[in-house]
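Data block below; observations after.
The values are calculated or read from the model by the stated rules, or taken from the named source; none is laboratory data. Quick caveat: nothing in here was measured; it's all calculated off a predicted structure. Note that each Cβ is placed from the backbone with ideal geometry, even for glycine, and that neighbours are counted across all protein chains shown.
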Amino acid sequence: MGCGTGSYTKILLARGYEVTALDISQNMLEIAKRKCSCKLIKGDIRDITINEKFDACIAMFAVMGYITENPDIIKALTNIHRHLKQNGIFIFDVWNGLAVMRILPEQRMKVVENNEIKIIRFALPNLRAFDHICEVNYKLLILNKLQNTVDEITENHIVRFYFPQEIRYYLENTGFEVLKICPFLDLNGKVDENVWNITVIARAGGEK
């Protein structure tokens, strides 16, 4: 769920998994179609009905963070649970509120380039701590070295961060058992106030 342009969907397919990929953006799915030979569906994870049950659901790279309102979180988790088989696994990652409130978001600049293009990205955060929200305003400058042109793109991302016990509460109240909360891509690591990105692994219980 939230497959975006299909980059990690492609990896899963290459490893032999049978995948159904979902995203709310038609533009993202058009790019994914060029990469992935699998079922691609446009829909909202809060209310999509696929009429199938799956062994696992994966929502990577802060998909759940873009669901910012409490009732919508319950809707999304309930719907994901409905699409999982008994004991099916749900894996997702979010920003860890313990670290967000300790380290605090800061302005950042990132530069990537090759022989043809150079991209400069500025990230300007606005922390709304009471709401568990970080609003990040992105500005990208795209320099075409061959044509000697500059394009500018701006984006606004509103991301919710979660505290570990908050995550556990939401999952347990929508029929999940929490198996592990760990640092992103580190199954054996420990989550504390220094770990910004965390992975959550939960198992679906009986019908909720």
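Screening Asn188 on (1) over 20 Å from Ile58 (Cα atoms); (2) surrounded by fewer than 16 Cβ atoms within 10 Å (Cβ to Cβ); (3) in contact with a Cys (Cβ under 8 Å, 6 or more places away or on another chain) shows it passes everything except condition (1). Counting the residues of the range 140-153 that are in a strand (DSSP E or B) and either of a type in the set (Gly, Ala, Ser) or loosely packed, with under 10 Cβ neighbours inside 10 Å (or both) gives 2.
For the condition of a type in the set (Gly, Ala, Ser) and either in contact with a helix residue (DSSP H, G or I) (Cβ under 9 Å, 6 or more places away or on another chain) or loosely packed, with under 15 Cβ neighbours inside 10 Å (or both), Gly65 does not qualify.
Test Asp93 against the stated conditions and say whether it is under 24 Å from Tyr8 (Cβ atoms), without any contact (Cβ under 8 Å) to a residue 24 or more places away in the chain and either out of contact with any Asp or Glu (no Cβ under 7 Å at 6 or more places or on another chain) or loosely packed, with under 14 Cβ neighbours inside 10 Å (or both). Judged against the criteria, Asp93 is not a match. None of Thr49, Thr5 is crowded, with 16+ Cβ neighbours inside 10 Å, in a loop (DSSP other than H, G, I, E, B) and modelled with pLDDT of 95 or more except Thr5.
Rundown of residues vs (1) free of Cβ contacts under 8 Å to residues at least 24 places away in the same chain; (2) of a type in the set (A, V, I, L, M, F, W, C); (3) more than 19 Å from Ala76 (Cβ to Cβ), yes/no style:
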{"position": "Arg102", "(1), (2), (3)": "no, no, yes"}
{"position": "Val112", "(1), (2), (3)": "yes, yes, yes"}
{"position": "Pro125", "(1), (2), (3)": "yes, no, yes"}
{"position": "Val136", "(1), (2), (3)": "no, yes, yes"}
{"position": "Asp151", "(1), (2), (3)": "yes, no, yes"}
{"position": "Arg160", "(1), (2), (3)": "no, no, no"}
{"position": "Thr174", "(1), (2), (3)": "no, no, no"}
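Can you confirm whether Phe176 is in the same structural domain as Ala76 (by TED's automatic domain parsing) and closer than 15 Å to Met64 by Cα? Taking the combined requirement at face value, the residue does not satisfy it.
Checked across the range 89-101, the condition of being within 21 Å of Asp23 (Cβ to Cβ), within 16 Å of the chain's Cα centre (by Cα), among the charged types (D, E, K, R) and in a loop (DSSP other than H, G, I, E, B) holds for no residue.
Of all residue pairs spaced 6 or more apart or on separate chains, those with beta-carbon atoms under 9 Å, a first member in the range 51-64 that is in the same structural domain as Phe184 (by TED's automatic domain parsing) and a second member that is in a loop (DSSP other than H, G, I, E, B) and aromatic (Phe, Trp, Tyr) are Ala56/Tyr17.
Being in contact with a Gly (Cβ under 9 Å, 6 or more places away or on another chain) and of a type in the set (A, V, I, L, M) narrows it down to one residue among Val159, Val150, Val136, Val112; which is it? Spell out how you get there, then give the answer.
Values: Val150 fails: in contact with a Gly (Cβ under 9 Å, 6 or more places away or on another chain); Val136 fails: in contact with a Gly (Cβ under 9 Å, 6 or more places away or on another chain); Val112 fails: in contact with a Gly (Cβ under 9 Å, 6 or more places away or on another chain).
Within the list Val159, Val150, Val136, Val112, the selection yields Val159.
Among the residues examined, Ile167 qualifies as of a type in the set (A, V, I, L, M), under 19 Å from the mean Cα position of the chain (by Cα) and either assigned by TED's automatic domain parsing to the domain that holds Cys57 or at pLDDT 95 or above (or both).
Name every residue in the range 1-47 that is under 22 Å from Arg82 (Cα atoms) and of a type in the set (D, E, K, R), in order of residue number. The answer is Glu18, Asp23, Lys39, Lys42, Asp44, Arg46, Asp47.
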